[in-house]
């Protein structure tokens, strides 16, 4: 899990509502430009372009709310997709690219699970800017095809890794609600005795909750 730094730009905003159907992956084509540098660039003047987030080898910076249209891939895509830009190292750097890839995979999966409620990644809900160009027009950009190719990756590799991370996140959610075998007898007992409702089995407990459970136990 990575931190998402919220630094919403005040310029280059549409303020139009977005109900995202998927996400478009971009690359900045600006060697060495960090997420912070791109935030400053799009927040300093009228650029007639924007994206929801920028990811570099160190941080993830969100620049526009997920439910607002950004100007990243032409009118058709802007009205339907979140747009996320992957930063490019100043020169070929496997370590920095690997860090960008890892953060990107996590952020995309996090958004699919928690913002879009999508569990299956397809060519219709995760597209490259290049695929938007070929399928819908409205843009001439071919990213991040060349960027991925430089490091032996493709958009299909990206989709596959995002799907694996989505599965991992969903499994963690399911595991958090499962009762361990060694605790099942106690779980049934606290519910039957009205000491606890039996929910949130793996959550931390507050002092107030402990007091309340002890109080209920003592008065049953």
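How far is helix 207-218 tilted, in degrees, relative to the longest principal axis of the Cα atoms in the chain, given as a value from 0 to 90 rounded to the nearest 10?
On a 0 to 90 degree scale, this one is about 30.
So for the stretch 49-164, averaging the separation of alpha carbon pairs under 8 Å that are six or more residues apart and normalising by length, what relative contact order in percent results?
Contact order relative to length: 24 percent.
Please work out how much length the chain gains when fully extended from residue 8 to residue 197, using 0.36 nm per residue of separation minus the C-alpha to C-alpha distance, in nm with one decimal.
So the extension gain works out to 64.0 nm.
Show me the ranking of peptides 104-116, 49-61, 137-149, 193-205 by mean Cβ neighbours inside 10 Å, starting with the highest.
Top of the packing list down: 49-61, 104-116, 137-149, 193-205.
Can you give me the angle between helix 155-176 and the longest principal axis of the chain, using Cα atoms only, in degrees from 0 to 90, rounded to the nearest 10?
That works out to roughly 10 degrees.
Any idea what diffusion coefficient the stretch 60-100 gets from Stokes-Einstein, in µm²/s, Kirkwood Rh on alpha carbon pairs, 4 °C, 1.567 mPa s?
107 µm²/s
Return, for the Cα atoms of the stretch 9-74, the radius of gyration and Dmax in Å, separated by a comma.
11.5, 32
How far, in degrees from 0 to 90, does helix 94-114 lean away from the longest principal axis of the Cα atoms of the chain, to the nearest 10?
With both axes taken from Cα atoms, the answer is about 60 degrees.
PRE reach from residue 37 (point 7 Å along Cα→Cβ): which of the stretch 89-127 fall under 16 Å by backbone N?
It comes to 89-93, 96-97, 100, nothing else.
If I model a spin label as a point 7 Å beyond the Cα along the Cα-Cβ vector, how far apart are those points for residue 47 and residue 184 in nm?
Between residue 47 and residue 184, the simple spin-label model gives 5.5 nm.
For the stretch 113-220, just the Cα set please: Rg and Dmax, both in angstrom.
Over the stretch 113-220's Cα set, Rg and Dmax evaluate to 23.8, 72 Å.
So between residue 204 and residue 114, what do we pick up on full extension, going 0.36 nm a residue minus the alpha carbon distance?
Taking 0.36 nm per residue and subtracting the Cα distance, the gain is 30.2 nm.
If you take P(r) over Cα pairs in 10 Å bins from 0, in percent from the coordinates, which of [x] 8, 34, 37, 18, 3, 0; [y] 8, 30, 42, 18, 3, 0; [z] 8, 29, 28, 13, 12, 8, 2, 0 do you get?
Only one listed value fits the structure, namely [z].
Say we join alpha carbon atoms closer than 10 Å with springs in a Gaussian network model of the chain; which of 12, 117, 67 then has the biggest fluctuation?
117
Here, each number is a calculation from the coordinates, and none is a lab measurement. Here the structure is a predicted model, which means the values were calculated and not measured. Glycine gets a Cβ as well: all are built from the backbone with ideal geometry, and neighbour counts include every protein chain shown.
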